[in-house]
Structure formats: structure tokens, C-alpha cells
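Heads up: the structure comes next, in C-alpha cells.
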Amino acid sequence: MNICIIGKVSPIQGGVAQLNFWLCYALAKQGHQVHLISNGTETEEEFRITLGRIPDDMSGTPFADVKDNLHIHYTNEKAKYQYIPYANPFVSKLSNIAIDVVRKYECDFILGHYFEPYGVAAYVTSQATGVPFGLKHAGSDVGRLLKNPEQNTLYHEIFSKAAFIFSSGSTTRRFYHAGVDPYNVMPFAPPTCPEFIYNPDRTALNLEQYLLNTKDALRKPIYSMLREQFGYENYDSNAGTIGIYGKIGISKGSYDLIESLGKLKKRGKKFNFLALTNGHERQLIEFIDKVKEAGIEENTIWLPFMPHWQVPEFINLCDTVCFLERDFSIPIHMPGVAVEVMRCGKCLIVSEEIYDKQRVKDALVPDENLLVVDPQDTDALAEKIGFVLDFPDKAKQIGANCYEVAKDFYPSFEEVAESISDKFTEAFENIKRRELEMSALELQSFVNRLYTDDVFRKLNDVAPDMAESLYQLTDEEKQAIRNIEKKALAEFASSLKMKNFKKNSSSYEYTLKVLGEPALFKLFERFYNVNPAYPGETKLAFVSKFGQFLEDSINGSEDDIPNYTAELIRFENIRNQLNLTTTNQDDFEYINIKQLPNPKIENDTKIKLVDSATLLKLDFDLAQIIEQLDEDDVPAHAESKVTAMVMYFIPTSPKVKLLSLNPAAGMLIELMKGETTFAQLLDSFETQTGITGCGDDLKQALEFFHSNELLLVS
């Protein structure tokens, strides 16, 4: 494919630019032609990677491996414009280049990575060229920019026009709620931390040479101040080294760390504090003041931002790297620093907030393969750092243990690149399929029916005049249709049907495991012949009809199939309907709201089930059956057993949540209709059951529901 991507890249610093870099690399490595349009060279010094502009021949960068397939088109940072009020016209400049590129290289589609200005530019380019576009977001654009009333309407308009949106697990349902067709929302958050870049074998940074090479790269007076006060002369090669990299600030835990280091200095500890960082001038002045206040100016060495593919050299110069982000304003923010340090096998000190966000958290044991601390407890943080300084061999072993966890958990970049290519190919194929399905013209409607309706296609074979009489076609259009080669038509129709099957059978993944693909496809063919997909039909309508058809077919079947199959289909149909029917809680407006961790329930505490909560009364123990199916163990038969479970969705995940219920818990769920107070609920429960004095047990049950995100408490 020829792909046009509009987005951040070096010399822009940050996770989005880094992810975009590796997306482009992966696609080019897989053989696609990639054209990257970026304003990276116009980045302000505060967030600019020094010596980070990617040269035309890609030399000195990983892009050199794929230079035949990857083409970077930077905007012109030296151009001057005269208009009032002045603002750098990034949308116009990016769109202008992209329009030319899309037309010249006949790009198949456009991706805007991050809403502003790249998503807007992708939208403009698509409108100008007629080439479809898609979006990929980060945390700050959906968590901050989308909430701005001066941008919100435009972004929602762009959502509605996008051919696809690469979402994260925490935004998938929110895009549904925003009115985006679920077929167009594609959860996609690939890990991009290549093992050939991030590994323990990378040579440690030559600190003196790096500081020498970058001394003239940043020209503002604040950088001269940083270089003069925190230069290489402060480095002690015989002392342990603590490092941080990335942006600085209160929510990054930067000043918590500095305070802790000051406490260690007062205890006589020797160390180097390497700060690979930058930011607004006021932040840098605050950084300088905090370092002086802590009395560690002679221990501190400041480094300007470096290209992310060189960061492992910095990590490997350190004895420990701290990543202490806490109370971050955008909860879905998922920075990659921790994984990068894990991949390099260095002792990692993280905040509890970052620890909780790790995909591999279940395999991470504090004090065994990383160190976890509340950074606001600066005494505890000082103790963790002191451990690294006092026991460097133990710290090395902790880092080595963490490396093994990361190596086992995260896929190789070759696997990641294949999955990225597959996802982009899927997006492109979906675009092409919809171009056929969504046409409303008579001729195209006729052809669409030929492709999707077996009975109508046979009618057209034996009695074309009768088939054509159902549509208002000109003589030229009738002749064009009759010139379609029947075998090719049949093959394409079969292919289209199979694609529809693949697309929709994933909504019945457990039924697919029980029946097997041949049997389920046979049922799908029967369904499709009487219910072909038609332009504009929603995913909710189609999968619901298919589910009802499956349940009716199984109930009337004499085939030897497991006795729980019909109930399993009904379960999946209800789950699909809940998944595709959003609630107010799924609105982007609430994306930054954090749930109370452990609320204390009093008599006047207001409680309410999440809006999607649905109580299911079942004839089989589906929870156990599903657990077996998840292990690819298909029970041939199940004993009848009256059970109950509650099914629900939460805004931060597209996956269903299930809780099996005992009779008392089931009754409790039934009693919670709308918002109620604990006192009212207790009274209703005791009245229904005749049991008294169960207040503490009831509170315990509600706390359990809350911990599983089933209950809202205020």
C-alpha cells in the first residue's frame, strides 16, 4: 500500500512522536510505501530533540534500514509569513504538502496521528483529494483538546467523516458514544519498544562527548545557565548514578525526587543526578531553584533531549532510572518510559501510579524486579535510592530480573511490525468494502445486491430482464451489468460474504469455538441469503439479527451439539447489544474522572449500578463454561444448574465484565433500581429476605462491587 501519515516525528520530543516513528518504520519494513508529513523541524526549543532532525538520506537513524520505502516531508521552518494576528499556519502547510504527496504518489489512504494539527490536516487533505482518511489519538488530545469548546465541534465532525479510528481500549466505547460507527472503530495500541534498540548490550553514553556535541544546539540564555551550573565537571565516575528523562514538573515527580536526593546528600551519600530533560523556561528555573534548595547542585548534570533511539545509551549509563509520575491529570495517559528501562535491564524505581498502569503488572514483584514507592513520601523514596547506592549488585540483579519479565512478556518487534501491517491492511480493506456497500445509486445498488444476495444473483443468471426491472437502469447500465463475467462475479460475491462472516463472527467468538467455523459459516450463509448486508445498516442491527437467527436455528436443530449452545448464543447476543449501546458514562466529557479508591459507605451514601449492568438468570453455569472456552477446552455437555451473573461494561474497556452471583447477591442487584442510599437499600433487602442485622455484610458486598467497577458511589 501507499500510505500518507501526517504526524509528529523527531526532532519533536515525546511519546507520540516516538510511536509515530516506529509505526512508520514497521510499515516500511513490511514493504509498504510510507510518506510521513511532519512539522517536526519547527518544534520550539523547549521540546526539541537536539541534533534530532532526520537527514534526507536517513543516515545515523534506524530509518536508514528502510530508506527506499520511507519518505519524510518536513514543513519549511524558515518560511516567513506576514498576516495579522500571526500564527504559524501548521494546518495549511501540512495539508498543502499532503495534498501534493497524495496526488503525486497515489496514496491509498491518509492517517492523521494526534488531532491537532495532524488529524485536522488529514481531514482537509481527504476533502481535497477524495482519498479516505483515518485517525489515531493519544491521551492528551482526547483528554484535553477534545474538551475545549472552541475545538470540540470540529473534532466530532472529523470523527464522523473518518473512514477508521485507531482507538485504545479506554476510548473504544467513547467513540461509539460519540456516534462513530463501531465498524469504523479499531482498537489498536501496539507496543513499540524494539529490542534491537532497547537492550542491556547497548554501549553506555559517552557523557562528556554528548555534552560537547550539543553545547551550541540550544541558544536561549536559560540553557547557558543550565550548562554552566550543571555541567560535566559535576560528574563523579566513582559514584552511583540516578537518572531521569522526559519532561519535568510536579506531576512527573521531579521535585519529589530532588527533595529525596537532598536528604541523601545530607546523610553523606555520593551520587550523580543525571537529568535528561527540558521544558518551559519557568519550569527550568523552578528546576534550578529546587536543585539548589536541596543542596545537590554539585551532583547534578543536565542533558538536553536526545533522539529516542539513543536513549538506551543514557539508561545504560545509570545505576537506576526513576519514573515517578503521580496524580497525572489524564488517567488514560500511558507513557512508555518504564518499559524502555525494563528492556534495558536497569533497576527501575516507579511511582505506584505507574506500577498500576503496567500491562505486565501481574509479573512485576516489588523489591524483586523493580522498586515501587509513593514519591510524595520523600523519606521512602530516599530509602529506595539509598538501597541502590548501598547495594549496587542487588540493584543490578533487580534490573536483570525485570529484563527477563519484559523479554518474556513483550513480543519481538518483528511480530509487532506484522501486527501493525495487518491492522493497516484491515483498515484499507474495510474502506474498499464500504465503498461498495455504502453506494446508494441504482446501478451500484443493483451490483451490490448481485454481490451479496445469492438468490438475486441466480435470478439475474436465468432471467436478467426480470432482475433488471426491479431497478431504474439505463440501457447502457444494463449492458454493462451483463458484461460482468459471471464466474468473477460469483468469486467476488463469495469473497465478500466470507469477509462479512469474518467481520461479524468475531462478535460470537464463543459460539464459534463450540460450533467450529464450517458449521457457523453454514448458518451464516443461510442467514445472509435472507438478510444480506445493506448500505447504512448498523453493526448493532446486523449482529443482533444474526444472534437471534443463530439461537432460533440451534433451538430447532436436531444436530448433535452441546446442550448449552443456545444459552451461550443468547449470552453473546446480549453482550453485543450492551457493548454497542453506550450510556452517558461513556461520554468523552467524563474521560478524566477518577473513581474513588475505597469509599466509606454510610447510611446516607448514594449508590448506583453502572448504567450497563444487566442481571442474567441462567440454566447453566456459563461462567465456568466460558472459563473453559477461554482455555480452548470445549465441553461436550454441561449439567443443568440455575445460576446468575451480572454483565456490564465500563467506559475504559471494550471488554465485557462478568460477576457470578450467589442468590443473595443476585437479589441485591435486583433491588438496586436507579440511585438509592445505603439505608434505603438495607431496608429493602431486610424486608425482602426477612434477615436483620446484615448491614456490615451488605457494606462488604457493596465494597466488592465497587472494587470491580460495578457500583458508583457518591
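Here are some notes:
- Taking the Kirkwood radius as Rh and the Cα radius of gyration as Rg, the stretch 579-666 has a ratio of Rg/Rh equal to 1.05.
- Between 0 and 90 degrees, the angle of helix 281-294 with respect to the longest Cα principal axis of the chain falls at about 50 degrees.
- Rounded Å value of the spacing that divides the Cα centres of the stretch 393-424 and the stretch 525-574: 40
- Sorted from greatest to least, the principal axis extents spanned by the alpha carbons of the chain come out as 89, 77, 49 Å.
- The stretch 41-83: GluC sites (Glu not before Pro) falling in loop per DSSP and having at most 15 other Cβ within 10 Å: 44, 77
- Given charges at Cβ of Lys, Arg, Asp, Glu: the stretch 207-409 dipole, positive-most of 250, 376, 409: 250
- Protection proxy ranking of 256-262, 246-252 - average other beta-carbon atoms within 10 Å, highest first: 256-262, 246-252
- Ranked list, fewest to most other Cβ atoms within 10 Å of each Cβ, for 137, 32: 32, 137
- For the stretch 229-245 versus the stretch 247-326, the spacing of their alpha-carbon centroids is 10 Å.
- Scanning residues 5 or more positions from residue 112 or on other chains, those with amide H under 5 Å from its amide H are 6, 134, 135, 136, with H placed 1.01 Å from N in the peptide plane.
- Mean shadow area of the stretch 2-187 over all directions, Cα convex hull, nm²: 11.1
- Using a cut-off of 25 Å between Cα atoms, the listed pairs 269/292; 458/522; 78/147 include 78/147 as exceeding that distance.
- Rg/Rh for the stretch 207-409, where both radii come from Cα atoms and Rh is the Kirkwood radius: 0.94
- In the chain, Cα pairs under 8 Å separated by at least six residues give a relative contact order of 11 percent.
- Charge tally in the Cβ shell below 13 Å around residue 394, where Lys, Arg are +1 and Asp, Glu are -1, residue 394 excluded: -3
- Relative contact order of the stretch 207-409, pairs being alpha-carbon contacts under 8 Å that are 6 or more residues apart, as %: 22
- Shape analysis of the stretch 671-714 yields a ratio of the Cα radius of gyration to the Kirkwood radius, Rg/Rh, of 0.95.
- Each Lys or Arg adds one and each Asp or Glu takes one away; over the other residues whose Cβ falls under 13 Å from the Cβ of residue 100, this sums to +2.
- Under 18 Å from residue 699, Cα to Cα: lysines that are on another chain or at least 8 residues apart: 600, 606, 608, 673
- Bins of 5 Å from zero: percent of alpha-carbon pairs in the stretch 264-335: 3, 11, 19, 23, 22, 16, 6, 1
- Dipole size of the chain about its Cα centre, with +1 on Lys/Arg Cβ and -1 on Asp/Glu Cβ: approximately 1640 debye, rounded to the nearest 20.
- Taking 18 Å as the cut-off, the amide N atoms of the stretch 126-169 that come nearer than this to a point 7 Å along the Cα-to-beta-carbon line of residue 73 belong to 126-135.
- Divide the volume of the convex hull around the Cα atoms of the stretch 200-300 by the residue count and you get 112 Å³ per residue.
- Using every pair of distinct Cα positions in the stretch 494-593, the Kirkwood expression returns a hydrodynamic radius of 14.6 angstrom.
- Reference-scaled alpha-carbon Rg (2.2 N^0.38 Å with N residues) for the stretch 123-279: 1.52
- In terms of overall dimensions, the C-alpha atoms belonging to the stretch 1-42 reach 28, 15, 10 Å along their principal axes, ordered largest to smallest.
- Placing a label point 7 Å from the Cα of residue 519 along the Cα-to-Cβ direction, the residues of the stretch 622-641 whose backbone N falls under 12 Å from that point are 634-637.
- Largest-first principal axis extents of the Cα set of the stretch 1-108 (Å): 45, 32, 22
- Net charge of neighbours whose Cβ lies under 10 Å from the Cβ of residue 312, counting Lys and Arg as +1 and Asp and Glu as -1: 0
- Two-site FRET efficiency, residue 630 against residue 455, from Cβ-Cβ distance with R₀ of 35 Å, rounded to 0.05: 0.35
- Dipole of the chain, positive end: most advanced residue of 261, 99, 501 [Cβ charges, Cα centre]: 99
- The stretch 175-226 and the stretch 1-79 have Cα centres separated by 12 Å.
- log10 of Debye I(q)/I(0), alpha-carbon scatterers only, for the stretch 340-418 at 0.18, 0.24, 0.27 Å⁻¹: -0.72, -1.13, -1.32
Read-outs: derived from the displayed coordinates by stated rules, not from any lab. All values reported here derive from a predicted model rather than from experimental measurement. Heads up, the Cβs are rebuilt from the backbone with ideal geometry, glycines too, and the neighbour counts pull from every protein chain shown.
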